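Colleague: Supplied in structure tokens, the structure appears directly below.
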Amino acid sequence: MNASVESIPVTPRAPAALEAAANTSTSPVTQTVRAGIECGDATGCVVPPLHLSATFAFRGFADKGAYDYTRSGNPTRDLLAAALAELEQGAGAVVTASGMAAVTVVGYLVPAAGRIVAPHDCYGGTYRLFDAWRRRGERQVEFVDFGDQAAVRAALTAPTALLWIETPSNPLLRITDIAAFAALGRAAGALIVVDNTFLSPAWQQPLALGADLAVHSTTKYLNGHSDVVGGAVVARDKALHEQLAWWANCLGLTGAPFDSYLTLRGLRTLHARLDHHGRNAYALAHWLQGQANVKRVWYPGLETHPGHDVAKRQQRGFGAIVSLELEGGHAAVREFVAGLESFSLAESLGGVESLVAHPATMTHAAMDPAAREKAGLADGLLRLSVGIEALEDLREDLLRALARAAAVLPQPTFSRAAAAC
């Protein structure tokens, strides 16, 4: 670890009452439902209180309590952090203002000019940040095809500070064997980080598979209602957690109390929501495979998916993101999205409502065309965030949109002679 980070002072820890939630052995389903209930409040509240105060009074001269300023610590945010640490089986969590804030704070564990190895098809925002660091000379970054384990092994022969894993990847849902890649990264002396946004700890626990840090955009499934922008990093051990907390406070990246409150509320229905999300996505992915003008479907729950066996081994569910490529490129995509009613054309994912995104012009627009082509992000590629609406309504909506997209495809022509045969 960076020597300059080892001497970082520790952010004051929350009161013991707020940490008690991290020391239970109940089912993850029960943990999410009861997150924050045992909040230590003398009122016996079932819903944890919202602490909006920006500052907290000292008990007396030079006598500070557990909290002094919300950027450094807040009871509501700490309840969410404790719940996330418990769900990921980590030693502690840092709640940030966005998913990209979580990525940023992790990056500050890498020393100046330190080296990062990351997938070439990672989330567009992550790619943009890493590439900016590389161009400014702040970090060395090598983007590698993580579908080629030999290429990753070769990249790790050089000294590496951080190995960034995204599984399933966004948007092609490539599956990375966390345990295998963590072993490769650890042998190279790298910190192992997994972006677990697409699955949440309900479906995947990277720390148990060898990762040092699990990163989340809490905007997505953890909150689940598209009304919060937030992020989190869960650390495997106390020392890493303390370093992350120091940097988040130093950089002003910590999350707001109200956003933490809403995320805690969403967390209570996490497993119930994901069960419905997953069933809908599984059914739609298999159905889409049989549609005439669908060139290809990506979903780890399909037996034809190259990462299907690994997904079965390291995940509890296959997720609720389905990607597909249409015949006809941009023209077909334009007609397809115009024909949708139950899928909204919007960025983000993980809310109860169904969304459709066009990576080339939306989530991955920051990548130059050559990089997108190398990552396999074709013009006809669409990403579906499958919601919890009635399955039959979603299927009918997609069927109408596919019919509209098919209308722009070249129609076969037949000569009179051929017709007479």
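Colleague: Mind telling me which of the residues R279, R316 ends up being touching a helix residue (DSSP H, G or I) at 6+ places or on another chain (Cβ under 7 Å) and basic (K, R)?
Modeller: Numbers: R279 fails: touching a helix residue (DSSP H, G or I) at 6+ places or on another chain (Cβ under 7 Å).
Within the list R279, R316, the selection yields R316.
Colleague: Does D121 qualify as being farther than 30 Å from T26 by Cβ and of a type in the set (D, E)? Spell out how you get there, then give the answer.
Modeller: On the way: farther than 30 Å from T26 by Cβ: yes; of a type in the set (D, E): yes.
It is true that D121 is farther than 30 Å from T26 by Cβ and of a type in the set (D, E).
Colleague: Within the stretch 182-196, does at least one residue satisfy the condition of being out of contact with any strand residue (DSSP E or B) (no Cβ under 9 Å at 6 or more places or on another chain), in the same structural domain as Y108 (by TED's automatic domain parsing), under 19 Å from L384 (Cα atoms) and not charged (D, E, K, R)?
Modeller: Within the stretch 182-196, none of the residues are out of contact with any strand residue (DSSP E or B) (no Cβ under 9 Å at 6 or more places or on another chain), in the same structural domain as Y108 (by TED's automatic domain parsing), under 19 Å from L384 (Cα atoms) and not charged (D, E, K, R).
Colleague: Name the residues in the stretch 377-396 that are surrounded by 18 or more Cβ atoms within 10 Å (Cβ to Cβ), modelled with pLDDT of 85 or more and over 16 Å from A320 (Cβ atoms), would you?
Modeller: Hits for the stretch 377-396 are D379, G380, L381.
Colleague: Can you tell me which of A85, A66 is in the same structural domain as S226 (by TED's automatic domain parsing), crowded, with 20+ Cβ neighbours inside 10 Å and in contact (Cβ under 8 Å) with a residue 12 or more places away in the chain? It would help to see each step written out before you state the result.
Modeller: Details: A66 fails: crowded, with 20+ Cβ neighbours inside 10 Å.
Unique residue meeting the criteria: A85.
Colleague: Moving on to the next point. Any idea which of (1) of a type in the set (G, A, S); (2) at pLDDT below 90; (3) closer than 20 Å to G99 by Cβ is the one S323 doesn't satisfy?
Modeller: Only one criterion in (1) of a type in the set (G, A, S); (2) at pLDDT below 90; (3) closer than 20 Å to G99 by Cβ is unmet by S323, namely (2).
Colleague: Report the residue count in the stretch 139-174 for those that are assigned to a loop (DSSP other than H, G, I, E, B) and among the β-branched types (V, I, T). Don't jump to the end; show me each part of the working.
Modeller: Applying the first criterion (assigned to a loop (DSSP other than H, G, I, E, B)) to the stretch 139-174 yields 139, 145-148, 156-161, 167-174.
Narrowing further to those that are among the β-branched types (V, I, T): 157, 160, 167.
So the answer is 3.
Colleague: Residues R59, R71: which one is touching a strand residue (DSSP E or B) at 6+ places or on another chain (Cβ under 7 Å) and modelled with pLDDT of 90 or more?
Modeller: Working: R59 fails: touching a strand residue (DSSP E or B) at 6+ places or on another chain (Cβ under 7 Å).
Selected residue: R71, the only one of R59, R71 that is touching a strand residue (DSSP E or B) at 6+ places or on another chain (Cβ under 7 Å) and modelled with pLDDT of 90 or more.
Colleague: I would also like to ask the following. Tally time: how many residues in the stretch 175-212 are in a helix (DSSP H, G or I) and of a type in the set (D, E, K, R)? Spell out the reasoning first.
Modeller: From the stretch 175-212, those in a helix (DSSP H, G or I) are 178-187, 200-203, 206-209; that's our starting set.
From what is left, the residues that are of a type in the set (D, E, K, R) are 186.
Final tally of qualifying residues: 1.
Colleague: If I filter the stretch 275-285 for residues that are at pLDDT 95 or above, out of contact with any strand residue (DSSP E or B) (no Cβ under 8 Å at 6 or more places or on another chain), assigned by TED's automatic domain parsing to the domain that holds L399 and buried (at least 24 other Cβ atoms within 10 Å of the Cβ), do I get at least one hit? Give the derivation first.
Modeller: Taking the stretch 275-285 and keeping what is at pLDDT 95 or above, we get 275-285.
So of that shortlist, the ones also out of contact with any strand residue (DSSP E or B) (no Cβ under 8 Å at 6 or more places or on another chain) come out as 275-280, 282-283.
Add one more test, that the residue is assigned by TED's automatic domain parsing to the domain that holds L399, and what stays is 275-280, 282-283.
Now narrow it down to the ones that are buried (at least 24 other Cβ atoms within 10 Å of the Cβ): 277.
Within the stretch 275-285 (the criterion being at pLDDT 95 or above, out of contact with any strand residue (DSSP E or B) (no Cβ under 8 Å at 6 or more places or on another chain), assigned by TED's automatic domain parsing to the domain that holds L399 and buried (at least 24 other Cβ atoms within 10 Å of the Cβ)), the answer is yes, since at least one residue qualifies.
Colleague: Under the condition of being among the polar types (S, T, N, Q) and either touching a strand residue (DSSP E or B) at 6+ places or on another chain (Cβ under 8 Å) or modelled with pLDDT under 95 (or both), which residue from the stretch 215-242 is farthest from Q89 (Cα to Cα)?
Modeller: Here is the first cut: in the stretch 215-242, the ones among the polar types (S, T, N, Q) are 217-219, 223, 226.
From the residues that got through so far, the ones that are either touching a strand residue (DSSP E or B) at 6+ places or on another chain (Cβ under 8 Å) or modelled with pLDDT under 95 (or both) too are 217-219.
Numbers: S217: 18, T218: 17, T219: 20 Å.
By that ranking, first place goes to T219.
Colleague: State whether one or more residues within the stretch 156-163 are in the same structural domain as L87 (by TED's automatic domain parsing), crowded, with 21+ Cβ neighbours inside 10 Å and either on the phi > 0 side of the Ramachandran plot or touching a Pro at 6+ places or on another chain (Cβ under 8 Å) (or both). Even if it seems obvious, please write down each step before you answer.
Modeller: Initial filter on the stretch 156-163 (in the same structural domain as L87 (by TED's automatic domain parsing)): 156-163.
Now drop any that are not crowded, with 21+ Cβ neighbours inside 10 Å, which leaves 156, 160-163.
Next, from what is left, pick out any that are either on the phi > 0 side of the Ramachandran plot or touching a Pro at 6+ places or on another chain (Cβ under 8 Å) (or both): 161.
Scanning the stretch 156-163 turns up at least one residue that is in the same structural domain as L87 (by TED's automatic domain parsing), crowded, with 21+ Cβ neighbours inside 10 Å and either on the phi > 0 side of the Ramachandran plot or touching a Pro at 6+ places or on another chain (Cβ under 8 Å) (or both).
Colleague: Still on this structure: Any residue that is in contact (Cβ under 8 Å) with a residue 24 or more places away in the chain, within 24 Å of A83 (Cα to Cα) and either in contact with a Gly (Cβ under 9 Å, 6 or more places away or on another chain) or surrounded by fewer than 23 Cβ atoms within 10 Å (Cβ to Cβ) (or both) - is there at least one of those in the stretch 109-129?
Modeller: Applying the first criterion (in contact (Cβ under 8 Å) with a residue 24 or more places away in the chain) to the stretch 109-129 yields 109-129.
Those still in the list that are within 24 Å of A83 (Cα to Cα) too: 109.
Keeping just the survivors that are either in contact with a Gly (Cβ under 9 Å, 6 or more places away or on another chain) or surrounded by fewer than 23 Cβ atoms within 10 Å (Cβ to Cβ) (or both) gives 109.
Scanning the stretch 109-129, I find at least one residue that is in contact (Cβ under 8 Å) with a residue 24 or more places away in the chain, within 24 Å of A83 (Cα to Cα) and either in contact with a Gly (Cβ under 9 Å, 6 or more places away or on another chain) or surrounded by fewer than 23 Cβ atoms within 10 Å (Cβ to Cβ) (or both), so the answer is yes.
Colleague: Within the stretch 223-264, track down each residue that is of a type in the set (S, T, N, Q), in contact with a helix residue (DSSP H, G or I) (Cβ under 9 Å, 6 or more places away or on another chain) and in a helix (DSSP H, G or I). Outline the logic, then answer.
Modeller: Initial filter on the stretch 223-264 (of a type in the set (S, T, N, Q)): 223, 226, 243, 249, 254, 260, 263.
If we keep only those that are in contact with a helix residue (DSSP H, G or I) (Cβ under 9 Å, 6 or more places away or on another chain) too, we end up with 223, 243, 254, 260, 263.
Hits for the stretch 223-264 are Q243, S260, T263.
Colleague: Give the stretch 334-379 a look and list any residue that's in contact (Cβ under 8 Å) with a residue 24 or more places away in the chain, closer than 26 Å to H271 by Cα and under 19 Å from the mean Cα position of the chain (by Cα), or say none.
Modeller: Result: S348, L349, G350, G351, V352, E353, S354, L355, V356, A357.
The values are calculated or read from the model by the stated rules, or taken from the named source; none is laboratory data. Computed from a prediction, not measured in an experiment: that's the story for all the values here. Note that we place each Cβ from the backbone using ideal geometry, even for glycine, and neighbour counts take in every protein chain shown.
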